[in-house]
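Worksheet: the structure to be examined is printed underneath.
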Amino acid sequence: WQILRQRAADRSFSFRDSAAGVLGHNDEPATRELLLQLLRTPGDPEDQALASARKLWGMDSLEPDYAFLRSGRDWSDCPKRVCDKGDADRIFAILPECAANVQAELATSLMNRKELPVAQARTALDHPDAATVRLAAHILGRVASNDAGPAIEKAVKKWHAAWVERRQQMRRANATTDAELARIGGCLQMLLWAAQRVGIAADVLRPMVEFGAVDAWYRPI
């Protein structure tokens, strides 16, 4: 089994798929760890690794699916399985590593749940990824609970500062486009909307709204 694990991990080995497929018959911690590693790594033998992992974890487990989506792959039945049954905290955790279309699917699935994951969204406001925070703000704004006000206000200030810093970097580089600045801007817009929804005072928000009125990049905000 150790030799088979070595072959499955060896990118120069011509029969990695076969080795990964056989590992589904070896339920050892080292094998489980390797299969998750293969699933998280783009270009590895995903078909056989996914099949083997599901043999070891069982079809009801989503551990292989979470690992698969973290690779940035966007095919197979993994997105649907996670959308249907995934834990909200795990979805928030893997969201930054997923393909863009999978991110959209996962976000929509959370927004459409009968009970919105408010507690997980509040925790996700501290995440360093703009898309994750944007989703969290959307959920909290939808619920519009005043209890989320302090956390949202803190996030607004944090992402406003991030926008200012990124804009300064863009100016220094004489860049005419910046995808990351656009992502931060979208996050900040959603946070400001959520802030208004939960009743944060206008005096707190006004300076950020008026900050960049003459900057075309800030105008949508």
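The values are calculated or read from the model by the stated rules, or taken from the named source; none is laboratory data. Quick caveat: nothing in here was measured; it's all calculated off a predicted structure. Backbone-built Cβ (ideal geometry, glycine too); neighbour counts: all protein chains shown. Note: areas computed on protein heavy atoms with side chains; ligands, DNA, RNA excluded. Shrake-Rupley method; radii C 1.70, N 1.55, O 1.52, S 1.80 Å.
Top to bottom by accessible area (1.4 Å), largest first, where do Lys80, Lys114 land?
Numbers: Lys80 130, Lys114 205 Å².
Listed by decreasing accessible area, they come as Lys114, Lys80.
Could you work out the helix-only [θ] at 222 nm for the chain, with each DSSP H run of four or more residues adding -39,500 (n - 2.57) and the total divided by the number of residues, to the nearest 500 deg cm²/dmol?
Helices in the chain give a 222 nm mean residue ellipticity of -20500 deg cm²/dmol.
What number comes out for accessible area per residue over the chain if the probe is 1.4 Å? Units Å², please. Each step should come with its number before you reach the end.
Numbers: 11550 Å² over 221 residues.
It amounts to 52 Å² per residue over the chain.
Quick one: Debye curve from the alpha-carbon atoms of the chain only, equal weights, vacuum; give me log10 I(q)/I(0) at q = 0.15, 0.16 Å⁻¹ to two decimals.
Log-scaled intensity ratios, in q order: -0.94, -1.00.
Diagonalise the Cα gyration tensor of segment 1-65 and give the resulting equivalent ellipsoid semi-axes, square root of 5 times each eigenvalue, largest first, whole Å.
Numbers: eigenvalues 59, 31, 17 Å².
Result for segment 1-65: semi-axes of 17, 12, 9 Å.
Leaving ligands, DNA and RNA out of it, report the carbon-plus-sulfur percent of the accessible area of the chain at a 1.4 Å probe. Walk me through the intermediate numbers first.
On the way: 5790 of 11550 Å².
Heavy-atom surface of the chain belonging to carbon and sulfur, 1.4 Å probe: 50 percent.
At q = 0.16, 0.21, 0.26 Å⁻¹, what is the base-10 log of I(q)/I(0) for segment 111-174 according to the Debye formula with one equal point scatterer per Cα and no solvent? Please give it to two decimals.
With no solvent term, the Cα-only Debye profile gives -0.55, -0.81, -1.08.
Starting from the Cα of Arg142, step 7 Å toward the Cβ, then list every residue of segment 89-107 with an amide N under 13 Å from that point.
105-107
Charges only on Cβ, +1 for Lys and Arg, -1 for Asp and Glu: so what's the dipole of the chain about the Cα centre, in debye to the nearest 20? Walk me through the numbers before you get to the answer.
Working: 30 positive and 29 negative charges, 104 e Å.
It works out to roughly 500 debye.
Ignoring everything but the protein chains, give the 1.4 Å probe accessible area of Leu95 in square angstrom, nearest 10.
10
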